[in-house]
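Engineer: Here it is, the structure, as structure tokens.
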Amino acid sequence: SFQNYDLFRLGGFDLGLRYEHPRFFITASAMRYDEPWICLDGVCNSTGFSRSLISSRVPPRHSYAITAGLYFLDRAVTLGARLRYHSGKQSPVGWLAGTAAPAVKRIPQNRTVDVFASYRISKGVELDFNIDNLTNQYAYDPGTVIAMPLPGRTVSLALSVRF
């Protein structure tokens, strides 16, 4: 069954900055949210309700990301790294109880480091190399519902051709 909430209030701020230089760049973002207020049938709390997916839509209170990189060979080569962080969050008591889903009851804080490189071989041809989750952290996405973690260390190589 479906039921509309009486109130879902989430305040806070999002901030994003980027600085670009001929030899390097840096990008930073920060999000901080106040404690949410979720009301259903006159009952209010900050986590949601046991038979609802609304708690998966509540973001962590704090999220930060910083990306920095260097340019080489007239910007044909880019090397960089990214650090991401989010605070932990709690699901409501009894969340998804009685269902077959192995629900995630608590999502711990997490820091993830990624590194990347890009080489523009020619106009329209680019080679990209990434290592995501470099430190191989066992983590959940902040919006996850069931106990399925994010991928561990992932290495990828891509060749893009535009014509």
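Engineer: For the structure I just gave you, tell me whether residue 104 is under 16 Å from the mean Cα position of the chain (by Cα), open to solvent by less than 70 Å² (accessible area, probe 1.4 Å), at pLDDT below 95 and β-branched (Val, Ile, Thr).
Structural biologist: Working: under 16 Å from the mean Cα position of the chain (by Cα): no; open to solvent by less than 70 Å² (accessible area, probe 1.4 Å): yes; at pLDDT below 95: yes; β-branched (Val, Ile, Thr): yes.
When the stated conditions are applied, residue 104 does not pass them.
Engineer: Next question. Residues in region 32-51 that are touching a Leu at 6+ places or on another chain (Cβ under 8 Å) and among the small types (Gly, Ala, Ser): how many? Walk me through it before giving the result.
Structural biologist: Here is the first cut: in region 32-51, the residues touching a Leu at 6+ places or on another chain (Cβ under 8 Å) are 33-34, 36-39, 44, 49-51.
Applying the additional criterion that residues be among the small types (Gly, Ala, Ser) yields 50.
Residues meeting the conditions: 1.
Engineer: Moving on. Would you mind stating whether residue 112 is crowded, with 17+ Cβ neighbours inside 10 Å, in contact with a Lys or Arg (Cβ under 8 Å, 6 or more places away or on another chain) and closer than 23 Å to residue 30 by Cα?
Structural biologist: Values: crowded, with 17+ Cβ neighbours inside 10 Å: yes; in contact with a Lys or Arg (Cβ under 8 Å, 6 or more places away or on another chain): yes; closer than 23 Å to residue 30 by Cα: yes.
So residue 112 fits the description; yes.
Engineer: Could you list, in sequence order, all residues of region 63-76 that are open to solvent by less than 40 Å² (accessible area, probe 1.4 Å) and over 20 Å from residue 32 (Cβ atoms)?
Structural biologist: From region 63-76, those open to solvent by less than 40 Å² (accessible area, probe 1.4 Å) are 63, 65, 67, 69, 71, 76; that's our starting set.
Scanning region 63-76 gives 69, 71, 76.
Engineer: Can you tell me which condition residue 97 does not meet? The list is (1) at pLDDT 90 or above; (2) in a loop (DSSP other than H, G, I, E, B), and all the others hold.
Structural biologist: Result: residue 97 fails condition (1) only.
Engineer: Continuing with the same structure: From the list 118, 122, which one is polar (S, T, N, Q) and farther than 19 Å from residue 83 by Cβ?
Structural biologist: Details: 118 fails: farther than 19 Å from residue 83 by Cβ.
One residue alone meets the criteria, 122.
Engineer: Do you know which residues across region 123-133 are open to solvent by 50 Å² or more (accessible area, probe 1.4 Å) and either without any contact (Cβ under 8 Å) to a residue 24 or more places away in the chain or in contact with a Pro (Cβ under 6 Å, 6 or more places away or on another chain) (or both)?
Structural biologist: The answer is 123, and nothing else.
Engineer: For residues that are closer than 23 Å to residue 110 by Cβ and not in a strand (DSSP E or B), tally how many sit in region 58-92. Please lay out each step first, then the result.
Structural biologist: Here is the first cut: in region 58-92, the residues closer than 23 Å to residue 110 by Cβ are 58-69, 80-92.
The next check asks that each one be not in a strand (DSSP E or B); those that pass are 58-61, 87-88, 91-92.
Looking only at that region, the number is 8.
Engineer: Quick one: residue 149 ticks every box in (1) touching a Phe, Trp or Tyr at 6+ places or on another chain (Cβ under 6 Å); (2) surrounded by 14 or more Cβ atoms within 10 Å (Cβ to Cβ) except a single one, so which number is it?
Structural biologist: For residue 149, the exception is condition (2).
Engineer: Of the residues that sit in region 13-62 and are at pLDDT below 85 and of a type in the set (Lys, Arg), which one is most open to solvent (accessible area, probe 1.4 Å)?
Structural biologist: Ranking the candidates gives 51 first.
Engineer: Provide a single number: the residues in region 77-101 that are on the phi > 0 side of the Ramachandran plot and either open to solvent by less than 30 Å² (accessible area, probe 1.4 Å) or among the basic types (Lys, Arg) (or both).
Structural biologist: First, pick out the residues of region 77-101 that are on the phi > 0 side of the Ramachandran plot: 94, 96, 98.
Now drop any that are not either open to solvent by less than 30 Å² (accessible area, probe 1.4 Å) or among the basic types (Lys, Arg) (or both), which leaves 96.
Residues that pass the stated criteria total 1.
Engineer: Here is a follow-up. In region 112-163, which residues are part of a strand (DSSP E or B) and under 28 Å from residue 57 (Cβ atoms)?
Structural biologist: Result: 112, 113, 114, 132, 146, 154.
Engineer: Output the residues belonging to region 7-28 that are within 19 Å of residue 71 (Cα to Cα), assigned to a strand (DSSP E or B) and touching a residue at least 24 places away in the same chain (Cβ under 8 Å).
Structural biologist: 24, 25, 26, 27, 28
The values are calculated or read from the model by the stated rules, or taken from the named source; none is laboratory data. Fair warning: this is a prediction, and the values are worked out from it, not measured in the lab. Because the Cβ atoms are built from the backbone with ideal geometry, glycine has one as well, and the counts that use them run over all protein chains shown. SASA here: full protein model, heavy atoms, side chains in, ligands and nucleic acids out. Shrake-Rupley method; radii C 1.70, N 1.55, O 1.52, S 1.80 Å.
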